[in-house]
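The values are calculated or read from the model by the stated rules, or taken from the named source; none is laboratory data. This one's a predicted model, so the numbers in the text were calculated from it and none came from an experiment. Here the Cβ is made from the backbone with ideal geometry for all residues, glycine too, and neighbour counts use every protein chain on show. To get the accessible areas, we keep the full protein, side chains included, count just its heavy atoms, and leave off ligands, DNA and RNA. Shrake-Rupley method; radii C 1.70, N 1.55, O 1.52, S 1.80 Å.
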Amino acid sequence: AAELRQQSADQFSAKSARLATTSFFDPVMSVGASSVTVTQRVDPRSPGDTRSYIAADGITLRAAGVPFFWLPGYKGYADNIPLKDLRIESSSGSGPAIKTGWDLFGLAGVESPEGFDSRLLLDLYFDRGFAFGDRTDWKTEGHEGEVFGYLIPSDDGEDVLSSGDRKGRSDETRGLILAKDRWKLDDRWTLFSEASYISDENFVDAFFRPLGYEEREFSTGTYLRYLEGNSAFTAQAKANLNDFTPNQYLLTSQGYTVEKLPEAAYYRVADDLLGGGNEGLLVWTHEYRAGRLALNFVEPTADELGFNTRARSQAALGIDPNQSPADALRAAGLTQDDVLRVDTRQELSSTLDFYWLKVSPFVVGRFTGYDTDFATFTPDFDDQYRYFYSAGTRFSTQIQRVDDSVDSDFFDLHRIRHIVEPSVTVWYAGASADQNDLPVYDTNVESLATGAAVRGGVRQVWQTKRGGPGRWRNVDWITLDANAVFATEDADPESPIKRFFDYRPEYSQLGNFANVETTFQITDSIALSAATIYDFDLHQPAITSAGALVQHTPDFTSFGEIRYVNALDVTYVDGGFAYELTRRYTISASAVYDTDRNDVQSVGGTVRRKMGEGVLGFSLRYNNITSETSASVVFEPQVAGTTDRQFRLREFGR
């Protein structure tokens, strides 16, 4: 500082000062101020400690002594400078960009309310223009949520989509806003609220691609839930403000979202009807729902969605590029008219013990009624009601053996406990209407399997002890779960990948198949896993995966995986590693290889260096599907405290 004064025992003031979070004389990152007052305050997070609170005017943020950003003033703690994220990116598709993240409350010169964190995003795309946004999180007594908004006022760039298609933009205003909140009214009542609006069908895929693959359904509405004991009540109202969905799993499967305006439901699980020492002999599980529903079709054409060739559109959506999912749905007889639906499911079950054998018979009855007969969808079905019934029995037992003679330091095995759990489920179901006769508003209501099926399987677990004297713990050394399912020919095939859900068989995708899953914890540092579903009708695997995770040293971890999906006729090999070279440098890399095309699908790597002021990182990635190469330089201040999700939203604009 050019001038420094002590105002009191815990307060200093200075003129022409520079502040840094490192003790080095010439810091990489620093903050300059024309005038500043520093006051020592008790840390509210840790009453025994103090923190430096500053009030400054004429702020300049400096890198290597060179000012690069100016602020009129700042009030806040010294270890919480406004700059939270600085990155320079370049992509062969969307061009170079400078992206920054700022503490909004710090920029405003006020302290953030307790439990609130707000990040202002200021970005410059050299080929697209200026963009800005904000992500605010809150976690207070009773409330927890977030809101994220992002806007490009005048986009003149080019979208590089996950399909490989590229779409140019001409001075378009684009963006999104996503919000959600959980309000815990009391110990029983909780209110969930959410809202989403997206400017166009390509924005999420072009800028925040992980949201399209990983986020749950984008919708706007509220969901009220009451929980007490074994009962629950829910009431919800939701809609989609757009005529498309960024959720890839909805787009490529059903091609629509479902609006509920509104729907209420009541559930009770496992009411014991007998009691008095006869617990489990007769158990009643029942649920009820009623609501007004409507389908919301995806209106943009396949070409507009990024599937610009017939091969792409047929593979992803089953339509030609000039058609939309809405066209196909209307041609199939579906409409977007409101439908009133009532539904109830009743289940009676019992658990009987015969020495070593447990027998659990169950019967299910279900009624679903609508205020329309769906004549345009299924001309041969002119009823407004569906009756569903099923019955089955589960048989299970458990066998175990302990071998105390096993003791191997080399394999880290000390005692073996072998648990064998054979089980069989026999099940039959019928309905007055086939599941293909009804539009699917909810898969767990309309899409119910019928026919007969038998599932037989064995789950085995080999447990051992690891850790050593005084810290022994039980470890599942090997797990092996194998099942085979056989269904009658009248069971409708719903998916090329079959599944059987033992807790409610009517949710299953039936067929003749076997599935095997296994894990192998070789040591505390090496783990293997594998799974496969074999289709007996096709005489080949439907899906297979196997992988390994190796902790070579505390600083070096690697992984590998192979995945095969028969329906897509693809086999992928993934691999990667993370290595902390020194206490300052960390490197990581990953790649995906397509064995069928004999080509790399994507590859990337990151180098990170820890400094006194924060972390500096360099990343380079290549996507062979989109023919896009991306590079970025990222600086994360030591005090940024940015969450993983915030970085994920920012990473390469995807």
Skipping prolines and chain starts, which residues have an amide H placed within reach, meaning under 5 Å, of the one on N247, given they are 5 or more residues away or on another chain? F218
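Could you grab the relative contact order for the range 374-497? Cα pairs under 8 Å, six or more apart, rounded to a whole percent. Show your work: numbers first, answer last.
Numbers: 228 pairs, mean separation 28.2, N = 124.
Once divided by the residue count of the range 374-497, the mean separation gives 23 percent.
Of all accessible surface on the chain at a 1.4 Å probe, what whole percent is carbon and sulfur? Don't jump to the answer; show the numbers that get you there.
Working: 18430 of 32730 Å².
The computed percentage sits at 56.
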Give the calculated FRET efficiency between F126 and Q6 to the nearest 0.05, with a Förster radius of 45 Å applied to their Cβ-Cβ distance. 0.40
What does the accessible area of R499 come to, in Å² to the nearest 10, when a probe of 1.4 Å is used? 100
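Subtracting the Cα-Cα distance from 0.36 nm times the residue separation, let me have the gained length for V615 to Q551 in nm, one decimal.
Working: separation 64, 0.36 × 64 = 23.04 nm, distance 2.39 nm.
Length difference between fully extended and current span is 20.6 nm.
Could you provide, to the nearest whole Å², the per residue accessible area of the chain with probe 1.4 Å?
50
If you average the sequence gap of Cα pairs under 8 Å that are 6 or more apart and divide by the length of the range 103-158, what percent do you get for the contact order? List each step's numbers first, then the result.
Working: 94 pairs, mean separation 16.4, N = 56.
Value for the range 103-158: 29 percent.
Taking loop as defined by DSSP and a crowding limit of 15 other beta carbons within 10 Å, which chymotrypsin sites (Phe, Trp or Tyr not before Pro) in the range 479-586 fit? Provide the component values of the computation, followed by the final result.
On the way: sites: F486, F500, F501, Y503, Y507, F513, F520, Y534, F536, F556, F559, Y564, Y572, F577, Y579, Y585; in loops: F500, F501, Y503, F536.
Listed in order of number, the matching sites are F501, Y503, F536.
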Starting from the amide H of G175, placed 1.01 Å from N in the peptide plane, find each other amide H under 5 Å away whose residue is 5 or more places distant or on another chain. I152, S199, D200
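For the range 219-286, what's the relative contact order in percent, using C-alpha pairs closer than 8 Å and at least 6 residues apart?
Working: 102 pairs, mean separation 19.4, N = 68.
Averaging sequence separation for qualifying contacts and normalising by length gives 28 percent for the range 219-286.
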In whole angstrom, and with the biggest value first, how far do the Cα coordinates of the chain range along each principal axis? 87, 69, 58
Any aspartates and glutamates with Cα under 18 Å of the K15 Cα? List them, leaving off those in the same chain fewer than 8 positions away. E3, D57
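Quickly estimate the mean residue ellipticity at 222 nm for the chain, helices only: each DSSP H run with n ≥ 4 gives -39500 (n - 2.57), and the total goes over all residues, rounded to 500.
On the way: 7 runs with 42 residues, N = 654.
Taken over the chain, the calculation gives -1500 deg cm²/dmol.
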Of the listed pairs K84/K238; K184/K238; K84/K184; K84/K610; K99/K167; K180/K498, those with alpha carbons more than 25 Å apart are K84/K238; K84/K184; K180/K498
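In what order, largest first, do T557, T190, T222 sit by accessible area if the probe radius is 1.4 Å? Display every interim value, and only then the final one.
Details: T557 40, T190 10, T222 65 Å².
From most accessible down to least: T222, T557, T190.
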Within the range 334-378, which chymotrypsin sites (Phe, Trp or Tyr not before Pro) sit in a loop by DSSP and count at most 16 neighbouring Cβ atoms inside 10 Å? Y355, W356
P(r) tail fraction, the range 532-591 - alpha-carbon pairs more than 17 Å apart, %: 53
How much length is gained if the chain between S231 and D594 is pulled fully straight, taking 0.36 nm per residue apart and subtracting their Cα-Cα distance, in nm to one decimal? 125.8 nm
On alpha carbon coordinates alone, what is the Rg over Rh value for the range 313-446, Rh being the Kirkwood radius? 1.25
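When the solvent-accessible surface of protein heavy atoms is calculated with a 1.4 angstrom probe, in what order do H286, H552, H143, H539 fall, highest first? Don't skip to the end; give the middle numbers.
Values: H286 15, H552 95, H143 55, H539 140 Å².
Largest accessible area first, the residues go H539, H552, H143, H286.
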Between the modelled labels at R471 and V406 (7 Å from Cα along Cα→Cβ) the distance in nm is 2.3
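With r as the distance between the Cβ atoms of V420 and N444 and R0 = 25 Å, compute the FRET efficiency 1/(1 + (r/R0)^6) and round to 0.05.
Details: r = 32 Å, r/R0 = 1.29.
Efficiency for this residue pair is about 0.20.
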Whether the range 561-600 is rounded, prolate or oblate, judged on the alpha carbon gyration tensor where a/c under 1.5 counts as rounded: prolate
Antiparallel DSSP beta bridges within the chain, percent to nearest 5: 100
Positive dipole terminus of the chain, leading residue within V485, Q314, G145 (C-beta point charges): G145
Under 5 Å from the placed amide H of T50, counting only residues 5+ away or on other chains, we find D43
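Show me the chymotrypsin sites (Phe, Trp or Tyr not before Pro) within the range 94-154 that DSSP assigns to loop and that have at most 13 other Cβ atoms within 10 Å of their Cβ.
On the way: sites: W102, F105, F116, Y125, F126, F130, F132, W138, F148, Y150; in loops: F126.
Filter output for the range 94-154: F126.
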